[in-house]
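This report concerns only the one structure given below.
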Amino acid sequence: MATGAAKRYARAVFEIAQQDGDLESVAAVLSNPTIATERREALVRSDGTSRVLDAEATNLARLLIESGRVDEAGAIDDEFQRLADEAAGRVRATLTTAIELEPRDRDRVAKELSGRLEKEVRMTVVVDPRILGGMKLQYGDRVVDATIATRLEQLRRRLAES
């Protein structure tokens with residue numbers, strides 16, 4: 001969950017990118033793990049050489065360093081991606097399963113959710129054997145928990161109450 005400061009920074013970057021009509025390319029750069037460390041360091045060079053992003057993004061990087069908030073860069077990126085998805089009518093979802101799903105099964109879940117929400121769905125699949133079976137789907141502020149572990153816990157509570 002992004003902190004209040006991370007949300008403010010993300011909102012500022014989002015608004016600048018939206019004004020410049022550069023929302024998708026800023027989102028792509030922020031979330032691109034293949035940019036080398038040296039190139040990321042070039043973002044904050046005072047001489048302006050080897051810049052990956054424009055002046056506004058460079059200023060944001062400097063601001064984060066100067067304010068001691070570099071550790072919030074991930075949360076700022078997450079919040080920025082959420083804002084960009086919202087603006088584009090997309091939804092991010094996380095599907096948790098006990099075993100790796102076949103691509104056709106992942107696609108089926110994404111397609112069904114997309115149809116229900118009438119929005120494009122970007123799904124991340126997480127494998128967590130602790131859920132034992134079934135699945136848990138999270139999107140927005142909603143959680144659909146159809147895991148065996150949760151059902152067993154509910155059954156245990158009912159039996160304890162009896």
*The lone exception for S162 - which of (1) open to solvent by 80 Å² or more (accessible area, probe 1.4 Å); (2) within 25 Å of D78 (Cα to Cα) it fails*: (2)
*Per-region count, the stretch 113-139, residues surrounded by 12 or more Cβ atoms within 10 Å (Cβ to Cβ) and not aliphatic (A, V, I, L, M)*: 10
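Return the only residue of R108, R151, R104, R122 being under 20 Å from E79 (Cα atoms) and outside any loop (DSSP other than H, G, I, E, B). Talk me through it step by step, then tell me what you get.
Numbers: R108 fails: under 20 Å from E79 (Cα atoms); R151 fails: under 20 Å from E79 (Cα atoms); R104 fails: under 20 Å from E79 (Cα atoms).
Selected residue: R122, the only one of R108, R151, R104, R122 that is under 20 Å from E79 (Cα atoms) and outside any loop (DSSP other than H, G, I, E, B).
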*Enumeration of residues in the stretch 87-97 that are surrounded by fewer than 18 Cβ atoms within 10 Å (Cβ to Cβ) and among the small types (G, A, S)*: A87, A88, G89
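Can you tell which of R92, R122 is under 28 Å from A12 (Cβ atoms) and in contact with a Phe, Trp or Tyr (Cβ under 9 Å, 6 or more places away or on another chain)? Walk me through it before giving the result.
Working: R122 fails: in contact with a Phe, Trp or Tyr (Cβ under 9 Å, 6 or more places away or on another chain).
On inspection, the qualifying residue turns out to be R92.
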_Of residues in the stretch 33-86 being exposed (fewer than 14 other Cβ atoms within 10 Å of the Cβ) and small (G, A, S), the one modelled with the lowest pLDDT_ = S46
*Hits in the stretch 125-148 (condition: in contact with a helix residue (DSSP H, G or I) (Cβ under 9 Å, 6 or more places away or on another chain) and either over 27 Å from R82 (Cβ atoms) or assigned to a helix (DSSP H, G or I) (or both))*: R130, I131, L132, G133, I148
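The values are calculated or read from the model by the stated rules, or taken from the named source; none is laboratory data. Since we're looking at a predicted model, the values are computed, not measured. No Cβ is skipped: glycine too gets one built from the backbone with ideal geometry, and neighbour counts run over all protein chains shown. For accessibility, only protein heavy atoms count, side chains too; no ligands or nucleic acids. Shrake-Rupley method; radii C 1.70, N 1.55, O 1.52, S 1.80 Å.
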